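J.: Please see the structure below; I have some questions.
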Amino acid sequence: MHIPDGYLSPQTYLPLFVAFAGFMAAALRKVKEGLQAKNVPYLGMAAAFCFLIQMFNIPIPGGTTGHAVGAAIIALILGPWTAVAAVSVALIIQAFVFGDGGITAIGANCFNMAVVMPFTAAWIFALVKGRAPGPRRISLAAFLSGYLGLTAAALAAAVEFGIQPLIASEGGRPLYAPYGLEIAIPAMVGEHLVIFSIVEGVLTMLVLRYFLKNDPGAVYALYEEGR
Amino acid sequence: MSAFQKKLACVLLALAVLAPLGIYLPAKFNAGDAWGEWSAKKIGEMLGFVPAGLAKGEGVWKAPVPDYSLGGEDDTPARQALWYIASALIGAALCAGVFYGVSRLLAGKKR
């Protein structure tokens, strides 16, 4: 889901840079407000975790690959605003140091995976969890937050890919990403719904349960109301 | 760091060491590129032409460690795995370091 350079027209990547910059500025303000000394190690580890988990490419045999992003579990443990900052750090380092995702597409990639994904995940979790949830309800909420969070990011990327032939063609030939919405959306959303988002959902559920066992007080999505 | 946080750091280290699974399995199952992340050359084969803007895109940025390796595409699987682990360690350390630095800066401004 790391859009490379050359796939998006400037009409697409520039507005997404602006949108992302706005979210990032707000995120840094929120991180500053909520900063607690005991949580600082978690921040660095969240960005590192996000980087590492994305290295585990999962094959669809004979077809394509994808991977989990980790943004959903970071949103549940540290809150969606902290996730915006942590996931963005990982994505920006991937682009500059490892050429994974384009430099011109940093705004788009961060918008999809570091903004759309953590907020969708946090929202789905709160929605499914309800009031006074039991452990099973929490596990289900965590799975769905990862499952739908990553799928929402894939949908956002698919729309950005898919509108390119509409807005930037010359003499009937596309200038950038060549496939329209009718191809990009089923391909991107479909492959995530059947494989990659399930991995993200299971990962989100397992890591949340691990945290609830070991450091339940640190889990933002369950204790935020009481603060 | 608390004992639990130290344990988590060890889990992250284990992830870095296991990372080559993320290149081994796709190669074993002949999985190809991620959707929308094809090289301009591959796009040319798929479409019969390379979109003009897309052709320019590839040269926009020269990453110091392209595709998590300095070994090139003909590298042996063992060397590819080692490059991948090295990239995992460097990338994870950079992520943790940058975010830690940013937190310190923000904390400094708070006082």
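The values are calculated or read from the model by the stated rules, or taken from the named source; none is laboratory data. Just so it is clear, the model here is predicted, and its values are computed rather than measured. Note: ideal-geometry Cβ built from the backbone for every residue, glycine included; neighbour counts use all protein chains shown.
J.: Any residue at all in the stretch B:76-96 that is modelled with pLDDT under 95, more than 7 Å from chain A (Cβ to nearest Cβ), loosely packed, with under 13 Cβ neighbours inside 10 Å and outside any helix (DSSP H, G or I)?
T.: Yes: the stretch B:76-96 contains one or more residues that are modelled with pLDDT under 95, more than 7 Å from chain A (Cβ to nearest Cβ), loosely packed, with under 13 Cβ neighbours inside 10 Å and outside any helix (DSSP H, G or I).
J.: Being in contact (Cβ under 8 Å) with a residue 40 or more places away in the chain, of a type outside the set (S, T, N, Q) and either more than 8 Å from every other protein chain (Cβ to nearest Cβ) or not in a helix (DSSP H, G or I) (or both) is the filter here; which residues of the stretch A:16-54 pass it?
T.: Result: A:Leu16, A:Phe17, A:Val18, A:Ala19, A:Phe20, A:Ala21, A:Phe23, A:Met24, A:Ala26, A:Ala27, A:Lys30, A:Gly34.
J.: Inside the stretch A:176-215, can you point out the residues that are within 30 Å of A:Lys38 (Cα to Cα), free of Cβ contacts under 8 Å to residues at least 24 places away in the same chain and not charged (D, E, K, R)?
T.: The answer is A:Leu206, A:Tyr210, A:Asn214.
J.: Hey, A:Ala177 hits all of (1) crowded, with 19+ Cβ neighbours inside 10 Å; (2) aliphatic (A, V, I, L, M); (3) outside any loop (DSSP other than H, G, I, E, B) but one; which does it fall short on?
T.: The single condition A:Ala177 does not satisfy is (3).
J.: A:Arg209: modelled with pLDDT under 95 and not aliphatic (A, V, I, L, M), yes or no?
T.: So A:Arg209 fails the test.
J.: Give the residue, chosen from A:Phe98, A:Phe111, that is in contact with a helix residue (DSSP H, G or I) (Cβ under 7 Å, 6 or more places away or on another chain), away from chain B (no Cβ under 11 Å) and of a type in the set (Phe, Trp, Tyr). Walk me through it before giving the result.
T.: Numbers: A:Phe98 fails: away from chain B (no Cβ under 11 Å).
Being in contact with a helix residue (DSSP H, G or I) (Cβ under 7 Å, 6 or more places away or on another chain), away from chain B (no Cβ under 11 Å) and of a type in the set (Phe, Trp, Tyr) holds for just one of A:Phe98, A:Phe111, which is A:Phe111.
Yes/no matrix, rows are residues, columns are (1) within 21 Å of the chain's Cα centre (by Cα); (2) closer than 23 Å to A:Ile3 by Cα; (3) basic (Lys, Arg):
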site: B:Leu18; (1), (2), (3): yes, no, no
site: B:Ala55; (1), (2), (3): no, yes, no
site: B:Gly71; (1), (2), (3): yes, no, no
site: B:Tyr84; (1), (2), (3): yes, yes, no
site: B:Gly108; (1), (2), (3): no, no, no
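J.: Can you say whether A:Val116 is β-branched (Val, Ile, Thr), under 13 Å from the mean Cα position of the chain (by Cα), surrounded by 24 or more Cβ atoms within 10 Å (Cβ to Cβ) and at pLDDT 95 or above, as far as the supplied structure shows?
T.: Details: β-branched (Val, Ile, Thr): yes; under 13 Å from the mean Cα position of the chain (by Cα): yes; surrounded by 24 or more Cβ atoms within 10 Å (Cβ to Cβ): no; at pLDDT 95 or above: yes.
Considered against the rule, which asks whether it is β-branched (Val, Ile, Thr), under 13 Å from the mean Cα position of the chain (by Cα), surrounded by 24 or more Cβ atoms within 10 Å (Cβ to Cβ) and at pLDDT 95 or above, A:Val116 comes out as no.
J.: Answer with yes or no whether B:Glu73 is of a type in the set (D, E, K, R) and surrounded by fewer than 14 Cβ atoms within 10 Å (Cβ to Cβ).
T.: So B:Glu73 fits the description; yes.
J.: Which of the residues belonging to the stretch B:50-73 are within 7 Å of chain A (Cβ to nearest Cβ) and either under 14 Å from B:Ile90 (Cα atoms) or part of a loop (DSSP other than H, G, I, E, B) (or both)?
T.: B:Pro51, B:Glu58, B:Val60, B:Trp61, B:Ala63, B:Pro64, B:Val65, B:Pro66, B:Asp67, B:Tyr68
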